[in-house]
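A.B. asks: Attaching a single structure in structure tokens format; questions to follow.
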Amino acid sequence: MSFELTLAGFIDLLLRGGTFGVLLLIIIRFARRPEFGSLCATGILFGVTGLVEIVLNAPPVLTELAPAGVVVVAFQQFHFVTLWWFILALFDDRFSWRPTYFWPIAVSAPLIAGASFAADSLQVWFTVALVLLNSCILGLIIHTALRHRNSDLIDDRRNFSLALAFSVPPFTLFVFVTNLISFDAPLLSALCLVYSAVYFILALGFSYWLTSLKEGLFQRTGNGAVPPVARSELSAADRLELDRVVKAMDGGLYLEPGLSIGGLADILRIPEHRLRRLINSGLGYRNFAAFVNDYRIDEAKRRLSDPEMAREQIIQHAFSLGYASLAPFNRAFRERVGVSPTEFREEALTRMAAE
């Protein structure tokens, strides 16, 4: 077994070694978290699959061991899916595993098999279908990162969502193209070098961001919030402004359709950046939408339990509570209560009828 090490190959190995070390650091960082949860689990899974992909795509491995193309593509695909899971857990404070999160694996498995073992005339179509699938997953990743950016109360996470949106697409597109070019042949050394360099830069940037984060990113309670600081630790001015926020929300401001953090800041005449900090540190919320939804869902539970409103349609409650349509109301209600509004009302009214 021999391998001719060129200058490009040497640089490639250095970059891969650096990326390997960075990913290993990320894995250790997550594994050592005292409050190990879904975020840490998905982060470790993403890091481990990244380590395997780095090894499988290394020129010496491709040249000397010649792993089956289906093995390489399968690990690349799984690594991409774990990235989506990690982004879901990172940006969704109430993330929990659902069967629907495994659909990319169920769809990609036959596509990978077809691209590897189907007739030559059909392999290209399976490969194109796989690229289209990954394009959809890429769209989901970007959508997840940016969906609640405006209402996110964690500045570090808001900044990362932009960095993710502008860095992942070019690299992913490059991976897609190289996969198409090299499915039946080893990557060119130049492409390997570019791949390694971009992967190293992204991994290094993410590692720096991760290791410099405040503890608030990881600290989560069962409802996705962070423990608020003691009221005594807030300044007198902060306490007064926080009281204005709570008083306005208790007064029904949460019923305002499309209420945003910027809109609330304008109404209360509090700078938006300070309002974000107040709601985050003083009340323990990480997302403005979750802050508003807690008020709305509490009011929804009261209305749905009211016998005098038993004939009101669910969609009427959704509109009167400030939701633009029935779907987001149903989704928010089920996330917080565990059942649909219809099921909750039926159970509440049944208990009252039995008393």
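Read the figures in this text as sums done on the coordinates, not as results from a lab. Note that this is a predicted model, so its numbers are computed, not measured. Virtual Cβ from ideal backbone geometry, glycine too; neighbours counted across all protein chains shown.
A.B. asks: Loop-only check: which trypsin sites (Lys or Arg not before Pro) in the range 279-325 are DSSP coil with at most 16 other Cβ within 10 angstrom?
C.D. replies: Taking the range 279-325 and a limit of 16 other Cβ atoms within 10 Å, the loop trypsin sites (Lys or Arg not before Pro) found are R311.
A.B. asks: By the scheme Lys and Arg +1, Asp and Glu -1, what is the net charge of all other residues having a beta-carbon under 10 Å from that of P341?
C.D. replies: Taking every other residue near P341 into account, the sum is +2.
A.B. asks: Can you compute the modelled spin-label distance between L326 and R33, with each label point 7 Å from Cα toward Cβ, in nm?
C.D. replies: Taking the simple label geometry, L326 and R33 are separated by 3.7 nm.
A.B. asks: Which far-off residues, 5 or more places away or on another chain, put their amide H under 5 Å from the one on N287, with H placed in the peptide plane?
C.D. replies: L153
A.B. asks: R0 = 45 Å: FRET efficiency of R98 with W125, Cβ-based, nearest 0.05?
C.D. replies: It comes out at approximately 0.90.
A.B. asks: Report the calculated FRET efficiency for E347 and Q313 (r = Cβ-Cβ distance, R0 = 25 Å), to the nearest 0.05.
C.D. replies: Taking R0 as 25 Å, the efficiency between E347 and Q313 is 0.90.
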